[in-house]
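S.K.: Following this message is one structure expressed as structure tokens.
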Amino acid sequence: MSKSNTTGMDHEDFRRCGKDMVDFIADYLTNISERRVTPEVEPGYLRPMLPRNAPEKGESWEDIMKDVERAIMPGITHWQHPRFHAYFPAGNSYPSILAEMLSSGLGIVGFSWAASPACTELEPITLDWLGRMMSLPACFLPFNPAHDNEPEISITNTDCDSQHSGGGALLGSASESILVAMLAARTNKMKSKRLEKPSIEDGQILSKLVCYTSKLAHSCVEKAGLIAMVKVRQLPVDEHYSLRGKTLDECIQADKQKGLIPFFVCGTLGTTSCCSLDNFEELGQICRRENLWFHVDGAYAGAALICNEFQYLTKGFEYVDSFNTNPNKWLLMNFDCSCFWVRDKCAVINAMSVDPLYLQHKHAEKATDLRHWGIALSRRFRSLKLWFTIRSYGIEGLQHYIREHCRLAKVFASLINEDDRFEIIGDVVFGLVCFRLKGKNKLTQKLLLYLNDSGQIHVIPSMVNEIFFIRFAICAKDACEYDMHIAFQIIQTHADGILFEYQKTTSSTSIRKI
Ligand code: PLP
């Protein structure tokens, strides 16, 4: 096809170009290891490569794709590369890509049941599937398991009864899930304070609200606090990098003494810094006693709950009010796909509901409208990703994927342990290994710099209690033992160079001293 017109692409063009695009993606992913992991471009590289103004006339597909190769691909960080070990995995798989394609192709916006019934109904079904796969407490599931054998009843915005008031929805990110939980908790607490003292102003209550999390919690908790305009206490962790009940309790009591109003606690299942776990049982008991909303952020590691051997992590979940995990991190689904479950969906809906005339529809009494679950009105058909991926892999396939990543992390950790120049930081429980060169932080800082500059591997730093270390996350979908050995060889080679240089400088300094 080579044409220049005003109609963009017609159906036939789309068939042909769409097939080309599938080939492009499959080739890219098949041959990805031939590329550098990180690009070599400098900030501002792209603008000089592209015209200053948009084209007056439509351009051909071939020309657009040529520019993808020429200008875009050189600026891509290859998250699916077998040597990408930074952050956490960017979930991806062919079923998920195809689901994205279908979602885009259908081009729907599912803010209410009427705006797209299938989009609205598939979402709680997939959240229910995943919630059951993770053995979440039944109170979180969109469908009450006690009614499994009954003909299905529809779920509505207001069917919160004393028997079962839980539910779940898909949000764009863990940050959004945590913010929504915090806003729901804030609304609850403000309501109860107004009941206690009807003359009190909202602003007076707001200025006293405090939430608590560990200093290792993701920065999105702090950001949620900024948006919700509440104080956030980032509490110290114990020697296992875990937030403990005593620490929380002491801070709550001190705040209450000052006349402040504790209302929300966010625990983490798998911190970003080092994948540590807070003590949910201790924190939960305090939340129950103090009547605080207890959220658990399992953005990455929550996915492990689909494997029985990780069920022990849910100790204390009986106290949890809401929980999030991102299948777009560790369950082979691409961004965006963050699952959010809540014990009392009415708390969320009450905090987020507005109901203009133009969004009302005749089924509102019988159906749920997912716009009440988040900040945005418009919603994509994200649940197709869950549905396609879970069905394509099956529970067993997804469990195998999680277990492989955990196994490979242990393989990598044993390589690190065999070389006594290195040490491991924290426990290796999931697919993350934190390690450093023994000795001063600057050695590990240099190692990190050399590794990333080499373009052979990509890792990122972390620091806990003044100890600087490198996070090595197993990210690639098909990661294997070979990848662990190659990564370790790259790390060893750079460490050899750094330690050699370091020994030279320290010995010349000591000679000079002599
Ligand atoms: N929570 C944890 C534990 C994370 O590791 C991350 C990101 O890595 C987030 C929250 C934020 O995730 P999102 O980008 O989905 O907002």
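Rule-based calculations on the coordinates, nothing more; no lab input. Keep in mind the model is a prediction, meaning the values are calculated, not measured. In this analysis, Cβ positions are derived from the backbone assuming ideal geometry, glycine residues included, and neighbour counts consider all displayed protein chains.
S.K.: What are the equivalent ellipsoid semi-axes of the chain, built from the alpha-carbon gyration tensor (square roots of five times its eigenvalues), in whole angstrom, biggest first?
M.R.: With the √(5λ) rule applied to the chain, the semi-axes are 39, 35, 22 Å.
S.K.: Still on this structure, please answer the following. Once you charge only the Cβ atoms, +1 for Lys and Arg and -1 for Asp and Glu, what is the size of the charge dipole of segment 11-100 about its Cα centre, to the nearest 20 debye?
M.R.: 260
S.K.: Would you mind checking the pairs 189/246; 189/223; 189/315; 215/504 and listing those with alpha carbons more than 28 angstrom apart?
M.R.: Working: 189/246 23 Å; 189/223 20 Å; 189/315 26 Å; 215/504 38 Å.
As for pairs spanning more than 28 Å Cα to Cα, those are 215/504.
S.K.: Kindly rank 118-131, 342-355 from highest to lowest mean number of other beta carbons found within 10 Å of each residue. Let's see the in-between values first.
M.R.: Values: 118-131: 21.5, 342-355: 18.5.
So the peptides 118-131, 342-355, ranked by packing, come out 118-131, 342-355.
S.K.: List the aspartates and glutamates whose Cα lies under 17 Å from the Cα of residue 329, skipping any in the same chain that are fewer than 8 positions away.
M.R.: In chain and number order, the partners are 100, 176, 297, 404, 478.
S.K.: Just the number, please: Stokes-Einstein D of segment 109-380 in µm²/s, Kirkwood Rh from C-alpha pairs, 37 °C, 0.692 mPa s.
M.R.: After rounding, the answer is 173 µm²/s.
S.K.: Please compute the volume of the convex hull spanned by the alpha-carbon atoms of segment 89-225 and report it per residue in Å³.
M.R.: 188
S.K.: Further question: Choose one of 228, 370, 267: the residue whose Cα lies farthest towards the positive end of the charge dipole of the chain (beta-carbon charges +1 Lys, Arg; -1 Asp, Glu; about the Cα centre).
M.R.: The listed residue farthest towards the positive side: 228.
S.K.: Counting alpha carbon pairs within less than 8 Å and at least 6 residues apart, what relative contact order, in whole percent, applies to segment 401-513? Can you show the working numbers first?
M.R.: Values: 138 pairs, mean separation 28.9, N = 113.
The value is 26 percent.
S.K.: Still on this structure, please answer the following. Where does the charge balance sit around residue 319 when Lys and Arg score +1, Asp and Glu -1, over other residues with C-beta under 13 Å from its C-beta?
M.R.: So the surrounding residues net to -2.
S.K.: A further question on this structure: Please list the radius of gyration and Dmax for segment 251-310, considering alpha-carbon atoms only, with Å as the unit.
M.R.: Both quantities, over Cα of segment 251-310: 13.8, 44 Å.
S.K.: Please state the relative contact order of segment 109-380 as a whole percent: Cα pairs under 8 Å, 6+ residues apart? All intermediate terms of the calculation are to be shown ahead of the outcome.
M.R.: Numbers: 511 pairs, mean separation 75.2, N = 272.
RCO, segment 109-380: 28 percent.
S.K.: Below 27 Å, Cα to Cα, which lysines can residue 57 reach? Residues fewer than 8 away in the same chain don't count.
M.R.: 3, 19, 66
S.K.: Now a separate question. In percent, what relative contact order does segment 26-102 have, based on Cα pairs under 8 Å that are 6 or more apart in sequence? Don't skip to the answer; put the middle values down first.
M.R.: On the way: 34 pairs, mean separation 34.9, N = 77.
RCO, segment 26-102: 45 percent.
S.K.: Can you tell me the dipole magnitude for the chain around its Cα centre, using point charges on the Cβ only (Lys, Arg +1; Asp, Glu -1), in Debye to the nearest 20?
M.R.: Charge dipole of the chain: 1520 debye, to the nearest 20.
S.K.: Taking 0.36 nm per residue of sequence separation and subtracting the Cα-Cα distance, how much length would be gained by fully extending the chain between residue 207 and residue 358, in nm to one decimal?
M.R.: 50.9 nm
S.K.: If packing is taken as the average number of other Cβ atoms within 10 Å across a peptide's residues, how do 85-93, 379-387, 199-207 rank, most packed first?
M.R.: 379-387, 85-93, 199-207
S.K.: Listed highest first by mean packing, meaning other Cβ atoms within 10 Å per residue, what order do 308-315, 447-454 come in?
M.R.: 447-454, 308-315
S.K.: Separate question: Applying 1/(1 + (r/R0)^6) with R0 = 45 Å to the Cβ-Cβ distance of residue 485 and residue 10, what FRET efficiency is obtained, to the nearest 0.05?
M.R.: After rounding, the FRET efficiency stands at 0.35.
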